[in-house]
Amino acid sequence: MPSLDRWRTVRSALSFGLCFGVVTAVAGVPYGVFAAIGCYVDAYGTRDPYPRRGPVLALLCAGFVLAFTAGSLAAGDVWAMTAVLTVVSVAATLVVRTLRLSGPGSYFVILVTALAAFLPPVGPAETAARAGCVAIGVTVSWLSAMSGRLVRPYEPEERTVSAAFRSVGAFADATRRAAEAHPPKDLTAVRRSAYTAVHGAWTALDDTRRRRAAPAPRRLALHALMVRLDVMLDAVQSAAERRGEQVPASWGSWLRDAAAAVGTGRTPGSWPVAVGARSAVPPLVAGDRAPASPASPEGARVLWPVPLPPRKSLGAELRLSLSSASPAPTIALRVGLSVAVGTVLGWALPLLHPAWVAVGAAAALQGGPGQQPSQRVGSRFAGTVAGVAITVLVAQVYRPGVWATVVLATVVHAVSRALPPTSLLARTLLNTPVALLLVNAAFVGGPGLEPLAAYRLLDLTLGLCLGVCAALLVRGVPVRRVCAAVSGAVAATGPAVAERLRTGSAGAGSEGAAWQRAADLWTMHASVPVEEIRSTGTADRLWPAVLAVRRLLTWNVLGGPTTPAPDDAARAEAFLHVLADAARAGLPGSPGLRAALPHPLRTPEPAHDPEVRRRLAALRAALERPVPPSPGTAAPDGAD
């Protein structure tokens, strides 16, 4: 049984029940249904920090109202409906991905547009009245989503930082046990989980930043904790790569205790030190600026905002989403195509509620994080069948009136929102009765729950099949975009490493730009497997390159001051430029990439820091031979 977010249950019940109930009492149940539809916005933003959640969710709320209005104005004309739904699908998919708002992608934006478009046409005054009810729902839901800021303003980022500590602790324990096992155990899964959690925590901290406002002391402390956690993660990974290095036994338990402390709003105490070794936290800044305790507010102000990238405008973020290194355009094209065909079929076929065809097409391609389209379709179909069966069985013995509908829909909706995002089948099972109750309430004197349930199953199944067909037609993320993301990350790493070697310290500008490109590569790595109908192993081939770039940038920031070496800097930058050019020729490990590398190619050997050469060689090996090293073996140096 998945764990429930009880606080979210309460918030969703209050906002949904208040909107549905009050508007029903004042204007009637059809208008109450429109207000309830506006409350679907509560599916978004629940994991995002409040400084970003507030404005970004407000934009989405406005988008909900505009999309509903556009769909209502297009009602009655199949080509206008198709055009509006296609444009809304593509635009909403791009914008939601650009905003990086947690939730089921553009699914609910498409849903409210389709519901409005397939209603009987009405005049501008009625459209405005209905859109006003939707606006009530989104406004109350926005207030509900932001209400937690009054109690624990830093809770979202504390939760992600806590999860990062917990995952690194699991990696430390697994690495220590693997070193003692014969043969050594595979650490790929736990390593990837740790790095993914740390990346998520850095992303959450990045989302707390404002352009002009200074960071709050608590966020400075969380930033300092993440810097120190990154040092420990780097040390654990180094121990996993090299023979004979042991992770101290105390690290795992300490990290778990620290995770519990951070999750409850506290700051961990003294950090562990390996026996016979230096502190796990080397000085990050030379001279008088080196803080004695990076977790202190003074030390955090020295380091902030490194290594986070520079702040960008919404337009700049949208341009990044449309770039050749982004998976977003392909995903938006796939969603728009399936919704367009679903709209035409829903209009042409004799269906009771044709909007569900377009909605089903979007449902096959959105939601269910970490799931491929075929897995989403399976979960949504099974959930729909179960939800329809439960609704029909209950309808045999009980016919809910208006207020019973309000209460039942509110309770079931609230429970569905409390489920974790990965519980797609359970969420669909609960969402199905809510949708049927709302539609049955809106159609006063309509066919009743049983016929609606039967058509819900038929229409949604047809839509899900269309979504799978679109996924087959537009097959995943094109290889050229994957290669562009790898090349961009490697190319941006070159100036950052060169400046570090040339000056002896990391440059905030070049380091921030490199971290941004590395974050784009993370996005690509996460998007590729979930957009494939059948797994191709591309994500597994990308992972060593993601890890190698991340390790180079970690050394850049956390490696401590070094002696300036301009010649070494030039050689390292030229080497990374060659690797970046080769990465455009094919996926890591492909014959095209290997053929694009010049032979012989010598890996630079900076005199003052042998660790740089090892990490440069690891990046080269990740591009030439993307096979994760066996546990307990050193990363390959690559051919010279």
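So, in segment 86-116, exactly how many residues are touching a Phe, Trp or Tyr at 6+ places or on another chain (Cβ under 6 Å) and under 12 Å from LEU66 (Cα atoms)?
2
Quick one: in segment 574-588, of everything that is over 27 Å from the mean Cα position of the chain (by Cα) and over 24 Å from ASP230 (Cα atoms), which residue is surrounded by the fewest Cβ atoms within 10 Å (Cβ to Cβ)?
If we take residues in segment 574-588 being over 27 Å from the mean Cα position of the chain (by Cα) and over 24 Å from ASP230 (Cα atoms), then ALA574 is surrounded by the fewest Cβ atoms within 10 Å (Cβ to Cβ).
So, in segment 40-51, of the ones that are of a type outside the set (Asp, Glu) and outside any helix (DSSP H, G or I), which residue ends up nearest to ALA116 (Cα to Cα)?
Across segment 40-51, the extreme among qualifying residues is TYR44.
Could you please find all residues in segment 112-144 being part of a helix (DSSP H, G or I) and small (Gly, Ala, Ser)?
Within segment 112-144, ALA114, ALA116, ALA117, ALA125, ALA128, ALA129, ALA131, GLY132, ALA135, GLY137, SER141, SER144 qualify.
Restricting the search to segment 459-499, which residues are charged (D, E, K, R) and at pLDDT 90 or above?
Within segment 459-499, ASP459, ARG480, ARG481, GLU499 qualify.
Report yes if ALA539 is closer than 30 Å to MET232 by Cα and crowded, with 24+ Cβ neighbours inside 10 Å, otherwise no.
No: the conditions fail for ALA539.
State which residue is nearest to SER487 (Cα to Cα) when the search covers only segment 511-553 and only residues that are modelled with pLDDT under 90 and polar (S, T, N, Q).
THR536
Going through segment 325-356 one residue at a time, which ones are exposed (fewer than 14 other Cβ atoms within 10 Å of the Cβ) and not hydrophobic (A, V, I, L, M, F, W, C)? Talk me through it step by step, then tell me what you get.
Within segment 325-356, the subset exposed (fewer than 14 other Cβ atoms within 10 Å of the Cβ) is 348-350.
Correct list: PRO350 only.
In this structure, is PHE34 at pLDDT 95 or above, touching an Asp or Glu at 6+ places or on another chain (Cβ under 8 Å) and closer than 26 Å to VAL339 by Cβ? Before the answer, list the steps.
Values: at pLDDT 95 or above: yes; touching an Asp or Glu at 6+ places or on another chain (Cβ under 8 Å): no; closer than 26 Å to VAL339 by Cβ: yes.
It is false that PHE34 is at pLDDT 95 or above, touching an Asp or Glu at 6+ places or on another chain (Cβ under 8 Å) and closer than 26 Å to VAL339 by Cβ.
What are the residues in segment 492-518 that are buried (at least 19 other Cβ atoms within 10 Å of the Cβ), among the small types (Gly, Ala, Ser) and either in contact with a strand residue (DSSP E or B) (Cβ under 9 Å, 6 or more places away or on another chain) or assigned to a helix (DSSP H, G or I) (or both), if any?
Result: ALA492, GLY494, ALA496, ALA498, SER510, GLY512, ALA514, ALA518.
Just name the residue that is nearest to VAL406 (Cα to Cα) out of those in segment 23-39 that are assigned to a helix (DSSP H, G or I) and without any contact (Cβ under 8 Å) to a residue 12 or more places away in the chain.
By that ranking, first place goes to ALA25.
Within segment 318-342, work out how many residues are more than 13 Å from ALA362 (Cβ to Cβ) and of a type in the set (D, E, K, R).
Qualifying residue count, segment 318-342: 1.
Has segment 99-111 got any residue that is out of contact with any helix residue (DSSP H, G or I) (no Cβ under 7 Å at 6 or more places or on another chain), over 18 Å from GLY342 (Cα atoms), at pLDDT below 95 and part of a helix (DSSP H, G or I)?
no
Within segment 210-228, track down each residue that is out of contact with any Ser or Thr (no Cβ under 6 Å at 6 or more places or on another chain) and either farther than 19 Å from PRO309 by Cβ or surrounded by fewer than 18 Cβ atoms within 10 Å (Cβ to Cβ) (or both).
ARG210, ARG211, ARG212, ALA213, ALA214, ALA216, PRO217, ARG218, LEU225, ARG228
Can you give me the number of residues within segment 591-619 that are farther than 29 Å from ALA239 by Cβ and buried (at least 18 other Cβ atoms within 10 Å of the Cβ)?
Of the residues in segment 591-619, 2 are farther than 29 Å from ALA239 by Cβ and buried (at least 18 other Cβ atoms within 10 Å of the Cβ).
Pairs please, first residue from segment 441-455 and farther than 17 Å from LEU393 by Cβ, second anywhere and in a helix (DSSP H, G or I) and among the β-branched types (Val, Ile, Thr), Cβ atoms under 6 Å, 6+ apart in sequence or on different chains.
Going by the 6 Å Cβ cut-off, the qualifying pairs are ALA441/VAL29; ALA441/VAL33; ALA441/THR405; ALA442/VAL33.
Return a yes/no flag: does segment 128-137 have any residue that is within 23 Å of ALA414 (Cβ to Cβ), out of contact with any helix residue (DSSP H, G or I) (no Cβ under 6 Å at 6 or more places or on another chain) and in contact (Cβ under 8 Å) with a residue 24 or more places away in the chain. Quick ask: steps written out before the conclusion?
From segment 128-137, those within 23 Å of ALA414 (Cβ to Cβ) are 133-137; that's our starting set.
Now restrict to residues that are out of contact with any helix residue (DSSP H, G or I) (no Cβ under 6 Å at 6 or more places or on another chain): none.
The answer is no; no qualifying residue exists.
Before we move on, is LEU57 in a helix (DSSP H, G or I), surrounded by 16 or more Cβ atoms within 10 Å (Cβ to Cβ), of a type outside the set (Phe, Trp, Tyr) and under 18 Å from the mean Cα position of the chain (by Cα)?
Criteria met by LEU57.
From the list THR175, THR188, exactly one residue is surrounded by fewer than 17 Cβ atoms within 10 Å (Cβ to Cβ) and either on the phi > 0 side of the Ramachandran plot or over 19 Å from the mean Cα position of the chain (by Cα) (or both). Which is it?
Testing whether each residue is surrounded by fewer than 17 Cβ atoms within 10 Å (Cβ to Cβ) and either on the phi > 0 side of the Ramachandran plot or over 19 Å from the mean Cα position of the chain (by Cα) (or both) leaves just THR188.
The values are calculated or read from the model by the stated rules, or taken from the named source; none is laboratory data. Source: prediction; values computed, not measured. Cβ atoms come from the backbone with ideal geometry, glycine included; neighbour counts cover every protein chain shown.
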